[in-house]
Amino acid sequence: MDNLNSEVSGTVLVLGATGFVGSRLIPELRAKGVKVRMLVRNPDKLSLQVKSDDGLSAVKGDLLTGEGLSEALLGVHTAYYLVHSMGGRSIFQNKEYADKDRNAAELFIRAADAAGLKRIMYLGALGDKGEELSEHLRSRAEIADILSSGQAAATVLRAAIIIGAGGASFEMLRYLVERLPVMVCPKWIETKIQPIALRDVLAYLVGCLFNQDTAGRAFDIGGPDILTYREMMQQYAEARGLARRLIFTVPVLTPLLSAYWVDLVTPISSGIAHPLIEGMKNEVICKDNSIETLIPVNKTPFREAVRIALSQEKKGPGETGF
């Protein structure tokens, strides 16, 4: 097995295996020889490729009820917790989804303690805690705290916008720039953000599994570019070969109105757009780069990350084979 230490030479559990990050992580783990178990609501929907891989297994279950958790955790040393609800079709469902995330994390940590789980990997969000933190980012931080409260050593990776096909943040950016040569935007488009390519996120997630020194610690992860959302939209247009977009800012466009606007011109529902937009009032850049000494990653520039995501879009948004 490729440099896999003895502690994790068994099966690794991936929660959120069919999601944006989880579905891409599984092939990376399998390429390293890691055996993967998934907790999914309907194993029958998994592709033939998954079913035919001896290194993959699935347990039927539901994090919201705790169904299947004990079976899924049996004999597992490390679990990836890649579950997070952005919201429903409606903005008014956001609090409901935050409550569900909290309850699911609490159910999981109790089951993990009972099973004797040793390590947890969680992909959270950048953003300093405080009263000004958006509800969405505050929820991500709360989940990190819950997952770090158990007996297992939790590794928390905190990222800003992830650039990859099928990701909500990237899809919102893509549709706005593709469809609107002229935009009237709120002042949040001037907030500084440190986006990161999906492939770099995966490199850190896999790297942490192989590096015991990352256990029980939290790390900021980001790409090489610090940009405003305005700059990201213009650089996306350049990478896509589109004319430069005309972008005007107005002070009266609230996150609520912005979410309805995004819902109108993109496939992203207002319930998903609102927490994303609300979070853009917070500057999200890496303040701790200590992970670079533990897991060296050749960071992907923003324009290259966009080009990679666009090449994947040609195969269908979010298509992964899982």
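The values are calculated or read from the model by the stated rules, or taken from the named source; none is laboratory data. Note that this is a predicted model, so its numbers are computed, not measured. Cβ placement follows ideal geometry from the backbone for every residue including glycine, while neighbour counts extend to all protein chains displayed. To get the accessible areas, we keep the full protein, side chains included, count just its heavy atoms, and leave off ligands, DNA and RNA. Shrake-Rupley method; radii C 1.70, N 1.55, O 1.52, S 1.80 Å.
Structure summary
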{"item": "Count of segment 11-66 residues which are acidic (D, E), without any contact (Cβ under 8 Å) to a residue 12 or more places away in the chain and not in a loop (DSSP other than H, G, I, E, B)", "result": "1"}
{"item": "Any hit, segment 212-235, residues being under 15 Å from L310 (Cα atoms), open to solvent by 30 Å² or more (accessible area, probe 1.4 Å) and out of contact with any strand residue (DSSP E or B) (no Cβ under 8 Å at 6 or more places or on another chain)", "result": "no"}
{"item": "Looking only at segment 81-112, and only at residues there that are at pLDDT below 60 and among the polar types (S, T, N, Q), the one that is surrounded by the most Cβ atoms within 10 Å (Cβ to Cβ)", "result": "N94"}
{"item": "Residue in segment 157-183 that is farthest from V284 (Cα to Cα), counting only those that are in a strand (DSSP E or B) and open to solvent by less than 10 Å² (accessible area, probe 1.4 Å)", "result": "M183"}
